[in-house]
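The values are calculated or read from the model by the stated rules, or taken from the named source; none is laboratory data. It should be emphasised that the depicted structure is a prediction, and the values quoted were computed from it without experimental measurement. Glycine gets a Cβ as well: all are built from the backbone with ideal geometry, and neighbour counts include every protein chain shown. Accessible surface is based on the protein model in full, side chains and every heavy atom, while ligands, DNA and RNA are left aside. Shrake-Rupley method; radii C 1.70, N 1.55, O 1.52, S 1.80 Å.
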Amino acid sequence: MQTHRKKRIEIIVESAIEHRLVAAIEAEGASGYTTHPVIGGKGHHGAWQEIGITPGSGKLAIVVIASPELAERLVPKLYAAMADYSGVILMSDVEVIRSAHFS
Amino acid sequence: MASIAQAAAENLLSPMVLFFALGLAAGWAKSDLAIPEAIAKALSIYLMMSIGMKGGIALAENGIDQRFLLLCLAGILLSFLLPFLAYVLFRRLGGIEPVSAAAIAAHYGSISIVTYIAATAYLREAGLAFSDQMVAIAALMETPAIMAGLFLAHRFGAPAAGTAAISANRPPLGRMAHEVFLNGSVTLLIGAFVIGWLTGGKGGESVAAFMFDPFKGVLCLFLLDMGLLAARRLAQSGLPRPGTLLAGILVPLCGAGVALLIAALLGIPAGNGMLFVVLGASASYIAVPAAMRLALPRADGGLAITLSLAVTFPFNIVLGLPLYAAMAQALLQP
């Protein structure tokens, strides 16, 4: 089966600024994204865990599949929006089947 | 003095405090006891709905008098001014840098609705009369502190050379206002208050079996979860430094003192006065952290939550409630 090469951008970030990242993703013209819950982990800022009652204190993961050109435009925007917040941006190569679904 | 000690001992042996202590102990011992997050959220929704509706019903039955309006105004002012005092104490005693101290100060100006709810349960147990419409003042006191915290951060958070003082991104004021005024607990509290006010005592009676009777049991379950959360929070972040810890106890006591003074000046009776004192003493861990995270990302949000949730909240529940009630009874008219 024929597949198409795309970039997969995964962002793990504080849910307080989810709206900011989603705005950047939509402004750059990505055709979609997926958000995932994350429940805890450990990183540069130490260990963390979702604490139930305080909204916006947790983190979430956002996954965007994009063409290499779009990914190149999008990543600096995401990075700027995340200034001052803890989180990571990861980019990897993926193969998709329905190329038309991803701009 | 003996009566304060006795009240404190009685409070320690109330189911409310014992379940909170059970949560603390279980969390500390790393027991796998956990309240599923969705259930904890539902419990807090239930408590807000119940307390909001009770407040609305009380307003419908008692009406508003001038003294109550004055107390509302005083509450707003207190919430705005307390952060200035808290800022100084956290800076001096805790040695906390300005932006974080400002964010923490905002938590202490604002209020904890669960502490307020526990205080109403305490008063009922102690047989001290109060008016349920005090919850309106709790709602009013949630937000002014946030403005004060932002002001402090912008005034004293001096920029390091060449960097933005507070954040690389402009504070998203619209988004923050949305977060603050439409956050779930505020929306529900005010909504239920209005519903209670519209339906009055008759509406209250029709839902009492669900809305009011199980209140205390639900509160115990919720406090169990709060104990677990506080213990996990401490395990995650460690105990704050002694100076910071001291400020986390002194700031609520100062807030309580100022609130008591206001209640005395306005001639507020002891029950309502005690609730006002609790509002002055409690610190937010719901509305304010979310707003501060958006507006002051460089502030140490983790420390603020540790202080309000794992230091001040337990202090208020275990020792604060009997102390504040005794203060109010000693200084205010019955």
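Quick notes
- Matching entry among A:ALA71, A:ALA23, A:ALA47 (being out of contact with any helix residue (DSSP H, G or I) (no Cβ under 7 Å at 6 or more places or on another chain) and open to solvent by 30 Å² or more (accessible area, probe 1.4 Å)): A:ALA23
- Applying the criterion of being away from every other protein chain (no Cβ under 14 Å) and outside any strand (DSSP E or B) to the residues of region A:1-20, the residue that is least open to solvent (accessible area, probe 1.4 Å) is A:THR3.
- Between B:VAL278, B:VAL251, B:VAL318, the distinction of being under 25 Å from B:VAL17 (Cβ atoms), more than 14 Å from chain A (Cβ to nearest Cβ), touching a residue at least 60 places away in the same chain (Cβ under 8 Å) and surrounded by fewer than 22 Cβ atoms within 10 Å (Cβ to Cβ) belongs to B:VAL318 only.
- Residue in region B:220-238 that is open to solvent by 30 Å² or more (accessible area, probe 1.4 Å) and away from chain A (no Cβ under 13 Å) present: yes
- In summary, A:VAL94 fulfils each of the numbered conditions (1) more than 14 Å from chain B (Cβ to nearest Cβ); (2) of a type outside the set (Ser, Thr, Tyr); (3) closer than 25 Å to B:LEU294 by Cα with the single exception of condition (3).
- B:MET327 meets each of the listed conditions (1) within 14 Å of another protein chain (Cβ to nearest Cβ); (2) of a type in the set (A, V, I, L, M); (3) farther than 24 Å from B:PHE151 by Cα apart from (1).
- Those residues of region B:75-95 which are under 30 Å from B:PHE215 (Cβ atoms) and surrounded by 20 or more Cβ atoms within 10 Å (Cβ to Cβ), in sequence order: B:GLY75, B:LEU78, B:SER79, B:LEU82
- Qualifying residue in region B:137-144 (condition: buried (at least 23 other Cβ atoms within 10 Å of the Cβ), of a type in the set (Asp, Glu) and modelled with pLDDT under 95): yes
- Residues of region B:114-136 that turn out to be touching a Gly at 6+ places or on another chain (Cβ under 7 Å) and open to solvent by 20 Å² or more (accessible area, probe 1.4 Å), as a count: 5
- Residues satisfying the stated conditions in region B:4-36, i.e. open to solvent by less than 80 Å² (accessible area, probe 1.4 Å) and either in a loop (DSSP other than H, G, I, E, B) or over 22 Å from B:TYR116 (Cα atoms) (or both): B:SER14, B:ALA25, B:ALA26, B:GLY27, B:ALA29, B:SER31, B:LEU33, B:ALA34, B:ILE35, B:PRO36
- Odd one out for A:TYR79, checked against (1) more than 14 Å from chain B (Cβ to nearest Cβ); (2) not hydrophobic (A, V, I, L, M, F, W, C); (3) not in a strand (DSSP E or B): (1)
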